[in-house]
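Undergrad: Before anything else, here's the structure in question.
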Amino acid sequence: LIPLDVSTVLASLARTSRLLVVEENPYQGGWGATVASVVADEGFELLDAPVRRVAGDNVPLPFADALEQQVIPTVDKVVTAVRRLVSY
């Protein structure tokens with residue numbers, strides 16, 4: 001993400017007018033917040049809906065695979081977020 005290709009993000013936003021950021025990092029302090037912030041600063045007028053984020057739980061990422069699957073975003077969470085965003 002460094003350097004973040006802001007022009008590509010804004011070009012996509014211009015076509016869709018919506019942004020959903022999905023990441024495995026914890027919701028607090030993740031890189032998704034940076035992407036959302038950049039869009040708010042540089043592409044706010046392109047948005048027709050609030051920026052939404054789907055991220056991991058606010059816990060350290062577990063080492064055990066079974067536990068990791070409990071805290072990272074799931075397909076169901078992403079699909080639900082997309083549907084909410086499209087219907088906004």
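The values are calculated or read from the model by the stated rules, or taken from the named source; none is laboratory data. Just so we're clear, the structure is a prediction, and the values are computed from it rather than from any experiment. Cβ: placed from backbone, ideal geometry, glycine included. Neighbour counts: every protein chain shown. Ligands, DNA and RNA are stripped out before the accessible areas are found, and what is left, the full protein with its side chains, is counted by its heavy atoms. Shrake-Rupley method; radii C 1.70, N 1.55, O 1.52, S 1.80 Å.
Undergrad: In nm, to one decimal, how far is the modelled label at residue 63 from the one at residue 49, with both set 7 Å along Cα→Cβ?
TA: The answer from the label model is 4.0 nm.
Undergrad: Continuing with this model, one more query. Under 10 °C and 1.306 mPa s, how fast does the chain diffuse according to Stokes-Einstein, given a Kirkwood radius computed over C-alpha pairs? Answer in µm²/s, whole number.
TA: Working: Rh = 13.9 Å.
Rounded, D is 115 µm²/s.
Undergrad: When the accessible area of the chain is split by element with a 1.4 Å probe, what percent falls to carbon and sulfur?
TA: Values: 3420 of 5950 Å².
Heavy-atom surface of the chain belonging to carbon and sulfur, 1.4 Å probe: 58 percent.
Undergrad: How far is helix 75-86 tilted off the main Cα axis of the chain, in degrees rounded to 10, range 0 to 90?
TA: 20 degrees
Undergrad: Rounded to two decimals, what ratio of Rg to Rh does segment 27-66 give with C-alpha atoms and a Kirkwood Rh?
TA: Values: Rg = 13.6 Å, Rh = 12.0 Å.
Dividing the radius of gyration by the Kirkwood radius yields 1.14.
Undergrad: Go ahead and estimate [θ] at 222 nm for the chain from helices alone: -39,500 (n - 2.57) per DSSP H run with n ≥ 4, summed, over the residue count, rounded to 500. Before the final figure, lay out each step's value.
TA: Details: 4 runs with 42 residues, N = 88.
Computed ellipticity for the chain at 222 nm equals -14000 deg cm²/dmol.
Undergrad: What net charge do the residues around residue 70 carry, taking every other residue with its C-beta under 14 Å from that of residue 70, with Lys and Arg at +1 and Asp and Glu at -1? List each step's numbers first, then the result.
TA: Values: positive: 77; negative: 24, 57, 65, 68, 76.
Summing Lys/Arg as +1 and Asp/Glu as -1 gives -4.
Undergrad: Accessible area per residue of the chain at 1.4 Å probe, in Å²? Mind dumping the intermediate values first?
TA: Values: 5950 Å² over 88 residues.
Per residue, the chain has 68 Å² of solvent-accessible surface.
Undergrad: According to a simple spin-label model (label point 7 Å from Cα along Cα-to-Cβ), what is the distance in nm between residue 1 and residue 41?
TA: Going from the residue 41 label point to the residue 1 one covers 1.3 nm.
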